[in-house]
Each structure stands twice: as structure tokens, then as C-alpha cells.
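Notes to accompany the following structure.
The values are calculated or read from the model by the stated rules, or taken from the named source; none is laboratory data. These figures come from a predicted structure and were not determined experimentally. FYI the Cβ positions are ideal-geometry reconstructions off the backbone, even for glycines, and counts take in every protein chain you see.
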Amino acid sequence: MTADLEWIDTHAKEVSLKHAEKAQARQADLTKPLGSLGELEDIAVRLAAMQYTEEPTTNPTHICIFASDHGVAEMGVSAYPQSVTGQMIKNFSDGGAAINVLAKQLQATLQVISLGVVNDISGPDEIERIPHLTATENIAVKPAMTLPELILAINAGHDSIERVCNAGVRLFIGGEMGIANTTAASAMACAHLGLTPEHMAGPGTGLDALGVQKKSKIVELAIKQYEKSKLNDGPLEILRCLGGLDIAGLVGSYIRSGQRGVPVLIDGFISSVAALTACRINPSVLKWFFFGHQSAEPGHRYILDNLNVKPMLNLKMRLGEGSGAAIAAILLRAACELHNSMATFESAGIASNTNGR
């Protein structure tokens, strides 16, 4: 491990079994049949254990969007031109994107970090920019990035979490923006899981059947490039050769969140590929992840199955930006409110069912 990434192997913070037991006991005392709120009960118990508290909360929530361009966009793998990445960053900074609307509803802070965008038209002070990073190379012909570029992007994710942890954040959502990043994520997933491009390549921004077929062939070229270029078989090398700077930023933020003890709400396909990569690098972080939804991207279910996790929602979303996770955050908030605010049988003067209600 390079000295600049020595932190990446540090074990994630342990959750509190004591607080999990207290939360389970409270769920048994609330004025409802035990288990009647289903997975909302499990969410509240998990959050209580993660936060070492008897009153779990999602406030404050922080959302960070990692944005970058992908060289493979030149192969025509997206329904939109590469210039849209920069245009969407401007839209984020102007408050006009879906994630802006959802962040406002959640009263969450929203940050955008540019890790190398070709058409960056936003103002100089509107977003954070990481120096010395540009768009990745075309993964169909050469590795996406150099090792120094990979380190910069991962550490940008690490540093973003350090700042919000010091400000007391209680829930983190990572988002991404980058035209052609579903192609990069598909190639990474194939390398991680040993599946074919036909399993992973999907419509992304809205490709038709012929577009998906073309995308699948380009993912196959990317896998061949990786096999020729890789220096080892590790997850960091998969990320370096096939990934994107936006995905690398997510990986760094996910690992550091687990190390600092901040619950993470994972978004869709691309974010889940980043989560899979984070777990391959540092398996201890998985217990800090909630998975917000199952994307309409066909490859997403293979990622979820491999991690043995169940998504909270399936709304056929495929927008990215952290939007699906932000929708799921509303459910996390409801789970906390129910856990903290419902009356107990004793306080309400209601007879409880001693045989398990």
C-alpha cells in the first residue's frame, strides 16, 4: 500500500451492541405489535447501534456529489454528450437538479467536488475543485488513470468526510455525476465479479437496445485492456484501470465514513460499485452501509447479491446524483421518529401482550 493511502486499511469503527440491545428493548415496549413496523424497526436499531445513542437521528445529513469526466465517452456510450457533465455541475450550483430539491427537503448540506471536468462552466467559487486532475483516459484502450491520480481522488473523498465529521454529521449520502460513468462502473463490476458485459451493461442515460449492445462491446474491450495493463489483481487496480475519478472519490468517502463511524446511505448502480470496491479494499466498512434502492440498471442486482444486502426501495430509478438514497433517507428519518417518539405501553396505559404482543 502506498504511503499516501496508509489510512485505507484501518478497521472501521465497531457498532455498539449495548445500544442495539437497548433499541431492541424499546421496540418491544412501543405501542404496536412487535415487528409490525417491519424493516423500519431494524433501521432504527441499526442506527442506534451505529450512533451509540438511545435516540437515533439522521440530522444533520450531508450529501456530497463527486463529478468527473470519462474518456470512454468518446466511444458514444451515452445518450448525452460529455459536455453535459459540466452543465449539470452548473445546475447543481444553481440549485436546479433533483438532488438540490431533495437536499432541501431533507434540510441536508450539499457539496459538489469536481475531480476533473472538461466543460466546467460553473463559477470559480461555487464548487470545490481538486487540482491536477482531468478527465480519465478511454478505458477501452488504456488505464483510466495513473496511480497518483487515483490517490488524489480517493484522498479527496477521505478529506470530504473528515470535514463533515468534525461538523457533527450523522448520515452521509454520496452521489456522482459523469457522462459515461455507467460504462466504467459496468467494467469494474465485471472485473470484480467475473461476470460478462451482457450481465452489466444497461441503458444508463437512456440508450436503446442497439446502444446497450454497443456499450457491452466497449465494456468487453475495457476488460481486455485491464487484463493487459493490470499490475496486480487487487481492487485498487481495478479502480485505477477501469474506474473513474468520481467513483474513486466515492470509494474514499465510504471507507472513511466507516472508519469515523458515520452511517452511509448508498445510492444506485454506480454508487454500489463504489461500495463493493470499498468493501473489497476494507471489508470492515460494510456494516456502516444502508442500501437505499435498487436501480433500474440490470447489473445492480448482481452487486447487491454479492454483498448479500437488501435495498430499501425499488422505484425503477436510474438518475444518480445520490437521488435514490435521498428518497430512502426520508424512510430513515421516519424510522428514527417512530422509535424516539412513540409511546410505550406503560406510558400510554395500554396493556401489553406478554406472549410477544
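Results, tabulated for the structure shown:
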quantity	calculated
Those residues of the range 266-320 which are over 23 Å from Val15 (Cα atoms) and either of a type in the set (Val, Ile, Thr) or in contact with a Cys (Cβ under 8 Å, 6 or more places away or on another chain) (or both), in sequence order	Ile270, Val273, Ile303
Check on Thr183, among the polar types (S, T, N, Q), surrounded by 22 or more Cβ atoms within 10 Å (Cβ to Cβ) and under 19 Å from His70 (Cβ atoms)	yes
Any chance Glu74 is free of Cβ contacts under 8 Å to residues at least 40 places away in the same chain, over 25 Å from Val264 (Cβ atoms), surrounded by fewer than 18 Cβ atoms within 10 Å (Cβ to Cβ) and out of contact with any Phe, Trp or Tyr (no Cβ under 7 Å at 6 or more places or on another chain)	no
Qualifying residue in the range 148-161 (condition: buried (at least 24 other Cβ atoms within 10 Å of the Cβ) and either over 15 Å from Ser68 (Cβ atoms) or of a type in the set (Asp, Glu) (or both))	yes
Residue in the range 329-352 that is assigned to a helix (DSSP H, G or I), surrounded by fewer than 16 Cβ atoms within 10 Å (Cβ to Cβ) and charged (D, E, K, R) present	yes
Lone qualifier among Ala23, Ala3 - being touching a Pro at 6+ places or on another chain (Cβ under 9 Å) and farther than 29 Å from Glu321 by Cβ	Ala23
Ile266 being within 21 Å of Met188 (Cα to Cα), touching a residue at least 40 places away in the same chain (Cβ under 8 Å) and touching a Ser or Thr at 6+ places or on another chain (Cβ under 8 Å)	yes
Complete set of residues in the range 185-198 that are more than 21 Å from the chain's Cα centre (by Cα) and of a type outside the set (S, T, N, Q)	Gly194, Leu195, Pro197, Glu198
Tally of residues being surrounded by fewer than 20 Cβ atoms within 10 Å (Cβ to Cβ) and either touching a residue at least 40 places away in the same chain (Cβ under 8 Å) or polar (S, T, N, Q) (or both) across the range 101-118	5
Residue check, Gly356 surrounded by fewer than 23 Cβ atoms within 10 Å (Cβ to Cβ) and modelled with pLDDT under 95	yes
Unique match (being over 30 Å from Glu55 (Cβ atoms), surrounded by 18 or more Cβ atoms within 10 Å (Cβ to Cβ) and at pLDDT below 95) among Gly204, Gly123, Gly178	Gly204
Any hit, the range 92-109, residues being modelled with pLDDT under 95, within 21 Å of the chain's Cα centre (by Cα), polar (S, T, N, Q) and over 26 Å from Glu6 (Cα atoms)	yes
Filtered residue count, the range 33-51, keeping only those that are surrounded by 15 or more Cβ atoms within 10 Å (Cβ to Cβ) and either touching a residue at least 12 places away in the same chain (Cβ under 8 Å) or of a type in the set (A, V, I, L, M, F, W, C) (or both)	13
Residues located in the range 275-295, provided they are out of contact with any strand residue (DSSP E or B) (no Cβ under 9 Å at 6 or more places or on another chain) and either over 21 Å from Thr183 (Cβ atoms) or modelled with pLDDT under 95 (or both)	Ile281, Asn282, Pro283, Ser284, Leu286, Lys287
Some residue of the range 163-180 being assigned to a helix (DSSP H, G or I), within 19 Å of Leu115 (Cα to Cα), touching a residue at least 24 places away in the same chain (Cβ under 8 Å) and under 14 Å from the mean Cα position of the chain (by Cα)	no
Qualifying positions in the range 290-308 - surrounded by fewer than 22 Cβ atoms within 10 Å (Cβ to Cβ) and not polar (S, T, N, Q)	Ala296, Pro298, Arg301, Tyr302, Leu304, Asp305, Leu307
